[in-house]
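FYI, it's all coordinate maths here, none of it is from the lab. Being a predicted model, the structure only gives us computed values, none of them experimental. Reconstructed Cβ throughout: ideal geometry from the backbone, glycine too, with neighbour counts over all protein chains shown.
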């Protein structure tokens, strides 16, 4: 892709900005990394083989709190000295002066992103099994980080996480919905009526899943990506959402089409839950609530994606949004079924 035809990138201005922070050999080239449906992610390369990643908000229809580049940059920078694997950060442009929108740049980390069944074939069966275990271990390490010790104690309110999340995502649903869907309203009310008591607050990634991690050839997590909705709160929400993305045991349901974890070799979600309980020391007895919340939250998120796609917020790549409408309905009903199945 030519450097002067990339929507969302002012090549000359970004090159000058980067040249003040890293050694590079211009001209730079920018290519959109496919797969993201929220913030735009670009691979940046120079003529000497240097590689970086640039993140910026969507081109339009931006929800005020969902695309905060400064927040994402701050979180990754704070976690860099810990045992949580994150990409090294180059710098942040916090306003519109350079590229028309805030952005940040980080080093490019080599690894596999398993977005679908075909990409899962890049790992051996043994590596897939290890990937599930390491994914859980890294999540437990994220939740073990003391937010105050790394300077993130004011990242968000520590108490009342689920009620705040219900309010936030229901508000996004109301702003973004493309049609009425009563099951979303019903599940919201049911969840709000039975929120479990929250334990000690932890750093909550908010969208922790296999394809938001870069994996080494042996399945180890090289870097955790996409921290845009990270906050403080109930760590079990991350666990429930991980199960939603991973797929529940004995249930023929994929939260997203063509899931990588449907390929042979990945551990069942029950094994992931058991491992998380062991390595974190947390009780997962009420996990069905968090799984239901995960289905519902994902339905709200995908409705926002659908709305943005229909409005052209992700650039010119508007095709392929139609399946999101049916996926939203399926997720909302899965949330309802999970709540009813748990005896709630």
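For residue 171, indicate whether it is within 22 Å of the chain's Cα centre (by Cα) and assigned to a helix (DSSP H, G or I).
Details: within 22 Å of the chain's Cα centre (by Cα): yes; assigned to a helix (DSSP H, G or I): yes.
Yes, satisfied.
In the stretch 166-182, which residues are crowded, with 17+ Cβ neighbours inside 10 Å and within 20 Å of residue 327 (Cβ to Cβ)?
Within the stretch 166-182, 169, 170, 172, 173, 176, 181 meet the criteria.
Taking the condition touching a strand residue (DSSP E or B) at 6+ places or on another chain (Cβ under 9 Å), buried (at least 18 other Cβ atoms within 10 Å of the Cβ) and not in a helix (DSSP H, G or I), does residue 131 pass?
Values: touching a strand residue (DSSP E or B) at 6+ places or on another chain (Cβ under 9 Å): yes; buried (at least 18 other Cβ atoms within 10 Å of the Cβ): yes; not in a helix (DSSP H, G or I): no.
In short, no.
Any idea which of (1) crowded, with 18+ Cβ neighbours inside 10 Å; (2) in a helix (DSSP H, G or I) is the one residue 99 doesn't satisfy?
For residue 99, the failing item is (2).
Restricting to the stretch 174-225, name every residue that is in contact with a strand residue (DSSP E or B) (Cβ under 8 Å, 6 or more places away or on another chain) and part of a helix (DSSP H, G or I). Reasoning before the result, please.
So the first thing to find is which residues in the stretch 174-225 are in contact with a strand residue (DSSP E or B) (Cβ under 8 Å, 6 or more places away or on another chain), and the list is 198, 201-206, 208, 212-217, 221-225.
Result: 212, single match.
Taking into account only those residues within the stretch 134-152 that are touching a residue at least 24 places away in the same chain (Cβ under 8 Å) and not in a helix (DSSP H, G or I), which is surrounded by the most Cβ atoms within 10 Å (Cβ to Cβ)?
Taking the stretch 134-152 first, the residues touching a residue at least 24 places away in the same chain (Cβ under 8 Å) are 134-145, 147, 150-152.
Those still in the list that are not in a helix (DSSP H, G or I) too: 145, 147, 150-152.
Values: 145: 17, 147: 18, 150: 18, 151: 11, 152: 20.
The extreme case among them is 152.
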